[in-house]
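Notes to accompany the following structure.
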Amino acid sequence: MSEPVDVALIGGGIMSATLGALLHELEPSWSITILERLGDVALESSNPWNNAGTGHSALCELNYTPEKADGSIDISQAVKVNEQFQVSRQFWSFLVSEGMLPEPDRFINPVPHMSFVWGEKNVDYLRRRHEALAGHPLFRGMEFSDDPKVIRSWAPLLIPGRRKDQPIAATRILAGTDVDFGSLTRLLIDGLVRSGATLKLEHRVTSLRKARDGLWHLGIRHDVGGTPMELTARFVFVGAGGAALTLLQKSGIKEIRGYGGFPISGQWLRTDDPALVARHEAKVYGKAAVGSPPMSVPHLDTRVVDGKASLLFGPYAGFSPKFLKTGSWFDLFRSIRLHNIGTLIGAGLTNLSLVSYLIGELLAGRGKKQRALQEFFPQAKRADWRLETAGQRVQVMKRGADGKPVIQFGTEVVAAADGSIAGLLGASPGASTAVPIMLDVLARCFPDRVADWKPRLKKMVPSYGSLLSDDEAKAAKTLARTAKALDLPAPVSEAAVGS
């Protein structure tokens, strides 16, 4: 039997790429093998056409700032998500400065982030949201306007054709970004391979078994020819998107018991018409429909992929029992176990509004989808847009702290008690927060090494172990440094905001 590898990464997406890059910087002598079942990396959730590419930092996503019963705006989740994205930006900046990532515009570009609402109640909410966020050190530079002329200057497509008596409002912040996570994934993995990592494409993991000696034995099938083989690893990370749930179930770790997954598919309307694309440079987020999951918040987005800009609108939620876009029609059924069937049923019964929303989306025809687009872009013509299938997501279902079944929006790390295996479940805003999520994996799986790693981690992520929002001067300095390293617009100074 061949020598065990130190690290086996299952899945060739942004999570495995990020963890691999971190571990290579921390332990350059460790051997790393990446296993991807498709013919290339970043073809599922990390593919740029399977996600919105929003550098999720709560600059425009209204679902991160709910209104409380007393009318105040809760910004705690928005601050948390922004903090996480700043951690990712710091690590990317480090890799660029060290020459381990090429020109930043290969994977990140400046695109203003906007929130746009209509109706008196929503306008009032957006005004109060702006007041709650604008003075925070991570949200400086956020502008508010309810003047159609100003909003038109920010995003020309939003205004023509709209009723003049309709109350509208928008916020804008120029520090927003568009991230091509597919390109970033490929660049990170290319760097790992150049440094000695092994990438095995078209290799499907069929079994996971831990031996008495503590090593993991991975059963693998090469999809070209069907050759079975085995890989032995000291540490395993399952970053296989929707396939992570069933792979962790196969591992037999007790920590996965009770977890279930509910797949949600998506569609986009897309245009590459140069005339339209030239008139809209922003990611414009609206308010989610009642009962809809956070990943279904409607938005009209500039996307920059391979240096070319396009516009996307959506997403429109749908249902497929597949856990991956290229998965099996039996994925959902194969994930059902005696220990999670109660969770699945209970979570469904307590989230009937979500079920109702999904049914409505499934029944929606192209006409309804076009009308949703026209709420943002009143003069949108059906002939200019084509409907495309977006990525597949799996919402986490689990038992909450009170033992009751819940749907867990966002991402969740599941790790064995001994730290020898970990996996990531869930969806948005995963890719944008890949670095802090993988730092969590390091802390949970390598607790005896973190102290020794800390100086190197602080070099890669200077804010490691602290919060930027606790130190206004440090936040301003960090945002300015990463903006310069990533060739993004400089953040607005406090003096400029007050002028």
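The values are calculated or read from the model by the stated rules, or taken from the named source; none is laboratory data. These numbers come from a predicted model, not from an experiment. Here Cβ is always computed from backbone atoms with ideal geometry, including for glycine, and neighbour counts include all displayed protein chains.
Residues of segment 109-128 being among the hydroxyl-bearing types (Ser, Thr, Tyr) and surrounded by fewer than 22 Cβ atoms within 10 Å (Cβ to Cβ), which ones?
Residue satisfying the conditions is 125 alone.
Please go through segment 74-93 and pick out each residue that is surrounded by 18 or more Cβ atoms within 10 Å (Cβ to Cβ) and part of a loop (DSSP other than H, G, I, E, B).
75
For residue 33, all conditions in the list (1) more than 29 Å from residue 136 (Cα to Cα); (2) in contact with a helix residue (DSSP H, G or I) (Cβ under 8 Å, 6 or more places away or on another chain); (3) not in a loop (DSSP other than H, G, I, E, B) hold save one; what is the number of the exception?
The one condition residue 33 does not meet is (2).
Let's see how each residue does on (1) modelled with pLDDT of 95 or more; (2) under 29 Å from residue 65 (Cβ atoms); (3) not hydrophobic (A, V, I, L, M, F, W, C):
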site: 212; (1), (2), (3): no, no, yes
site: 215; (1), (2), (3): yes, no, no
site: 221; (1), (2), (3): no, no, yes
site: 236; (1), (2), (3): yes, no, no
site: 244; (1), (2), (3): no, no, no
site: 257; (1), (2), (3): no, no, yes
site: 282; (1), (2), (3): yes, yes, no
site: 290; (1), (2), (3): no, yes, no
site: 302; (1), (2), (3): yes, yes, yes
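Looking at (1) β-branched (Val, Ile, Thr); (2) under 25 Å from the mean Cα position of the chain (by Cα); (3) at pLDDT 95 or above, can you tell me which one residue 198 breaks?
(2)
Of all residues in segment 339-353 being surrounded by fewer than 16 Cβ atoms within 10 Å (Cβ to Cβ) and under 27 Å from residue 253 (Cβ atoms), which is modelled with the lowest pLDDT?
Per the stated criteria, the residue is 350.
Got at least one residue in segment 354-367 being at pLDDT 80 or above, touching a helix residue (DSSP H, G or I) at 6+ places or on another chain (Cβ under 7 Å) and under 28 Å from residue 163 (Cα atoms)?
No: segment 354-367 contains no residue that is at pLDDT 80 or above, touching a helix residue (DSSP H, G or I) at 6+ places or on another chain (Cβ under 7 Å) and under 28 Å from residue 163 (Cα atoms).
Looking at residue 413 and the list (1) crowded, with 22+ Cβ neighbours inside 10 Å; (2) among the β-branched types (Val, Ile, Thr); (3) under 18 Å from the mean Cα position of the chain (by Cα), which single condition is not satisfied?
(1)
Scan segment 94-108 residue by residue and report those that are surrounded by fewer than 23 Cβ atoms within 10 Å (Cβ to Cβ) and either of a type outside the set (A, V, I, L, M) or touching a strand residue (DSSP E or B) at 6+ places or on another chain (Cβ under 7 Å) (or both).
Once the filter is applied, which keeps residues that are surrounded by fewer than 23 Cβ atoms within 10 Å (Cβ to Cβ) and either of a type outside the set (A, V, I, L, M) or touching a strand residue (DSSP E or B) at 6+ places or on another chain (Cβ under 7 Å) (or both), segment 94-108 yields 94, 97, 98, 99, 102, 103, 104, 105, 106.
So in segment 52-85, with the set limited to residues that are in contact with a helix residue (DSSP H, G or I) (Cβ under 6 Å, 6 or more places away or on another chain) and polar (S, T, N, Q), which one is farthest from residue 468 (Cα to Cα)?
Result: 63.
Check residue 100 against each of (1) modelled with pLDDT of 95 or more; (2) in contact with a helix residue (DSSP H, G or I) (Cβ under 6 Å, 6 or more places away or on another chain) and name the one condition it does not meet.
(1)
Counting just the residues of segment 399-436 that are charged (D, E, K, R) and free of Cβ contacts under 8 Å to residues at least 60 places away in the same chain, which one comes out nearest to residue 251 (Cα to Cα)?
Looking at the filtered set, the residue picked out is 412.
In this structure, does residue 235 turn out to be under 30 Å from residue 367 (Cβ atoms), assigned to a strand (DSSP E or B) and of a type in the set (Phe, Trp, Tyr)?
Criteria not met by residue 235.
From the residues in segment 219-239 that are closer than 17 Å to residue 7 by Cβ and either touching a Lys or Arg at 6+ places or on another chain (Cβ under 8 Å) or among the charged types (D, E, K, R) (or both), which one is surrounded by the most Cβ atoms within 10 Å (Cβ to Cβ)?
Looking at residues that are closer than 17 Å to residue 7 by Cβ and either touching a Lys or Arg at 6+ places or on another chain (Cβ under 8 Å) or among the charged types (D, E, K, R) (or both), I get 220.
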